[in-house]
Structures are given as C-alpha cells and as structure tokens.
Amino acid sequence: MLLSNPIAIAGRSLMAILWMLSVLAWFNAAALAQTGGLSHSPAEIVKKYFELDQKGAKLDSMSFEALAPYRSWQAEPAWGKVIVIRGFSVPEHHRHWEIVNPLEVVIPVTFQVIGSVYLETAGFLPDDTVEEIRVRVKSIRNRWRIIEPVLPPHVGQKRMINYVREAWVKETEPAKRESLAVLQDELRKVK
C-alpha cells in the first residue's frame, strides 16, 4: 500500500532532502558570520576578540577556547600580568587600516589602559595611558583570523575586580588573602 504510488514517495523524499539542505545552508551561513567569513569586515573579528578578552576570556582555560574562532595560534604563553583597561576602540572604516593586500590588513586598536596586575605578587601598577596596538588580520581557509600580535590579557576593570574577589574567596592562606584584598581595593579606587 505504501509503495503503491512511487512518484508521490519520491516527491516527498525530494522535498525532505531539499528542506534539510536549506537548513544546513542556513546553519553554515550563521557559522560563517560567527567565525569571520570573508563577506564580513575583518574589524568585526578584531572587535569581538577584544570584547571577549575584556570580559576575561584569557583568564582561565575554560573560557580561553571561546577565542579560537578569532585567532590563528593554538596556545598562548602563561602570562604573568594582566593589562587592566577602561575600554578599547576598533576603527570600522578601512581608511584607518593598513591594507597589505585584499586578504590581509593591519587594524589599529586603541586601549584606554589604567594599569597592570602582576599575578604572582598580586600587585597593581597604575599606568593611565593610551596604548595602540596594530593587529594583523589575514584570510586563513576563507575566514578572517588575527595572526599577530599575541598579547597579554587586556581585561576590563570591573571584570578584574570580580576575578580578584573570586581568588580571594578561594584562597585559604591569610597572607595571600590580605594581598588580594589590598589589590581589590587598589583596583576599585582607580577612576
């Protein structure tokens, strides 16, 4: 009975296959948009990378992998310091970039730095400056990827305060807890 109308069955099968292909194409398009497809601006990749960095993605290994779609390197060194920032800016217009060729650009990123936290000593060195970094972005396998420089974490002030508070809660040694409490106070006082 089911096989009595093979044309209808073939038509339904074809429709199901076409529907599945359109869903796959839609997911592929969404994935390209998220991971730096060449139809998007390379500035989007740079901005998203540093937004995640500002939120502390490089501070622990669990969230570090969130940066993988934006960079070309697999591992980073163990950083001894964290740059604490108020914010950053990425120029969206290509007139502000250095265009090496159609598949490689250098985009300047400007950070409003408030200082550095040294992780081993829980020390804070205030340094209210503007830092400009030139970020090289290149097409790798038809995706924009940051290829250099490999920078220490550039974390927002609020996130750094929360990170220090988390470390203070987990710390059991009284001397280290005191150092973390002092560091947290220093970070809060910076305007």
Point to revise | Net length gained if the chain between Lys55 and Glu120 were fully extended (0.36 nm per residue, minus Cα distance) | key: 21.3 nm
Check your understanding: Considering only Cα-Cα distances, which of the following residue pairs are longer than 20 Å: Lys48/Lys158; Lys48/Lys81; Lys58/Lys191?
Key -> Lys48/Lys81; Lys58/Lys191
Check your understanding: Using a basic spin-label model with each label point 7 Å from the Cα along Cα→Cβ, how many nm lie between Ser89 and Arg141?
Key -> 3.6 nm
Study note, to complete from the structure: With the charge dipole of segment 40-189 built from beta-carbon charges (+1 for Lys and Arg, -1 for Asp and Glu) about the Cα centre, the Cα from Pro174, Ile146, Gly156 projecting farthest to the positive end belongs to Ile146
Exercise for review: Give me the distance between the Cα centres of segment 123-155 and segment 33-63, rounded to whole Å.
Suggested key: 11 Å
Revision key, fill the gap. Rounded to the nearest 5, the percent of DSSP beta bridges in segment 40-189 running antiparallel is 90 percent
**Study point:** Volume per residue that the Cα convex hull of segment 40-189 spans, once the total is divided by residue count, Å³
**Key:** 103 Å³
Review point. If we count other beta carbons within 10 Å of each Cβ, what is the order of Ile83, Ile133, fewest first?
Key: Ile133, Ile83
Check your understanding: What is the distance, in nm, between label points placed 7 Å from the Cα along the Cα-to-Cβ direction at His40 and at Lys191?
Key -> 3.8 nm
Point to revise | Spin-label zone in segment 120-155 - amide nitrogen under 18 Å from a point set 7 Å from the Cα of Glu98 along the C-beta vector | key: 131-139, 145-151
Check your understanding: Which whole-number percent of Cα pairs in segment 146-190 have a distance greater than 12 Å?
Key -> 64 percent
**Study point:** Within segment 151-191, backbone nitrogen closer than 20 Å to the virtual label 7 Å beyond the Cα of Glu76 toward Cβ
**Key:** 151-167
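Values in this text are rule-based calculations from the coordinates and carry no lab data. Please read all numbers here as calculations on a predicted model, not as lab measurements. Note that each Cβ is placed from the backbone with ideal geometry, even for glycine, and that neighbours are counted across all protein chains shown.
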